[in-house]
Amino acid sequence: MRKDGWYTEEWADQGSAISLRVKEKVHDEQSPYQRIEIYETETFGTLMTLDGLVMVTDRDNFVYHEMMSHPALFTHQSPRRVLIIGGGDCGTLREVLKHDEVEHVDQVELDERVTRVAEQFFPELCAANDDPRAHLHFQDGIRWVAEAQPGSYDVIIVDSTDPVGPAAGLFGKAFYTDCHRALKADGIVVGQSESPLFHTTLIKEMHEALRGANFLDVATIHFPQCTYPSGWWSATLARKDATLAGFREEACRERSFATRYYNAGIHQAAFASPEFLFKTLL
Ligand code: SAM
């Protein structure tokens, strides 16, 4: 936080930054894995940063959490067993548990402190943590997937930090090969894939790694996320046995739960590739 009452996150390599005006810092700890800070901002509600990078704000997290979960879950024909890697703030878990078909969710977060701090400062994101279908584990997600029974999940969601440190391995071919094995024949994996504008090369490398891991179809969806680098974010999906085109549109339109960003039109629009990205991924 700067001394003049602004939290600023600078992206030096991109010559840009984001600032949020803060009222006060309300929490600061060094966990065994990372520095966890919580601020009360003037206009974005509560803010969580990990190692000085924005993870969640009250105001805009719904876009990210809905897009990390609903496109994959409505593309899968019958998502019953779901694995979330990372996701310690529990916002993605809450969205996944809105689906009545989901019977079991394992969430494997490296850092238990992220979840405990989220429970304290983001209680609404953690509202579903006591759902009997939710199983929270605190360990390395790379190891969890490597040791998972073959064919044990319908959908794997990789809700990770940026591809550095312990999260670096969550973007590579070896990890995706383990995901492929841990998924059922019609399984889908989705991972957050950074900014389409700033991280085009990373998205291209993710596509190559997922195809190299034998996924049949790979697609990147995109959505606004104003507190992340460039304000524009993406998730990359891969499916084992079939195309990602098409989804359970009627179930989506008649869903029993509320969303604030995702709907059937957004689902279709999010899969449309901007020209530069389309050409990069050819
Ligand atoms: N929405 C966020 C974003 O894109 O900036 C991600 C939020 S979530 C808090 C990311 C979580 O991934 C962190 O809590 C971090 O501890 C966890 N994580 C990083 N590497 C991991 C690994 N290898 N296994 C499990 N969790 C991991």
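Taking all protein chains as shown and a probe of 1.4 angstrom, Ser256 keeps an accessible surface of around 100 Å². When the C-alpha to C-alpha distance is required to be over 26 Å, the pairs from Lys25/Lys204; Lys184/Lys279; Lys240/Lys279; Lys98/Lys204; Lys98/Lys184; Lys98/Lys279 that qualify are Lys25/Lys204; Lys184/Lys279; Lys98/Lys204; Lys98/Lys279.
Reported to the nearest whole Å, the Cα centre-to-centre distance from region 1-63 to region 116-131 is 19. Helix 200-212 and the longest principal axis of the C-alpha atoms of the chain enclose an angle of approximately 30°.
What's the angle, to the nearest 10 degrees (0 to 90), between helix 173-182's Cα axis and the longest principal axis of the chain? The answer is roughly 60 degrees. Taking θ as phi - 60° and the Karplus parameters 6.51, -1.76 and 1.60, the scalar couplings of region 41-47 work out to 9, 6, 10, 10, x, 7, 10 Hz in sequence order, x denoting glycine and proline.
Between Asp162, Asp178, Asp130, the residue with the greatest mean-square fluctuation in the GNM of the chain (Cα pairs under 10 Å linked by springs) is Asp130. Considering only Gln77, Gln120, Gln139, the Gaussian network model of the chain with Cα springs below 10 Å gives its largest mean-square fluctuation to Gln120.
Along the axis of the charge dipole computed for region 6-55 (Cβ charges of +1 for Lys and Arg, -1 for Asp and Glu, origin at the Cα centre), the listed residues Ser31, Ser16, Trp6 are led at the positive end by Trp6. Using C-alpha pairs under 8 Å with a sequence gap of at least 6, the mean separation divided by the residue count of the chain gives a relative contact order of 16 percent.
Helix 112-121 and the longest principal axis of the C-alpha atoms of the chain enclose an angle of approximately 60°.
With the Cα gyration tensor of region 61-280 giving a ≥ b ≥ c as the square roots of its eigenvalues, does the rule (a/c under 1.5 for rounded; else a/b larger than b/c for prolate; else oblate) give rounded, prolate or oblate?
rounded
As a ratio to 2.2 N^0.38 Å, the alpha-carbon radius of gyration for region 1-117 is 1.21.
The values are calculated or read from the model by the stated rules, or taken from the named source; none is laboratory data. Here the structure is a predicted model, which is why all the values come from computation and not from measurement. Backbone-built Cβ (ideal geometry, glycine too); neighbour counts: all protein chains shown. In case anyone asks, the SASA skips ligands and DNA or RNA and just uses the protein heavy atoms, side chains included. Shrake-Rupley method; radii C 1.70, N 1.55, O 1.52, S 1.80 Å.
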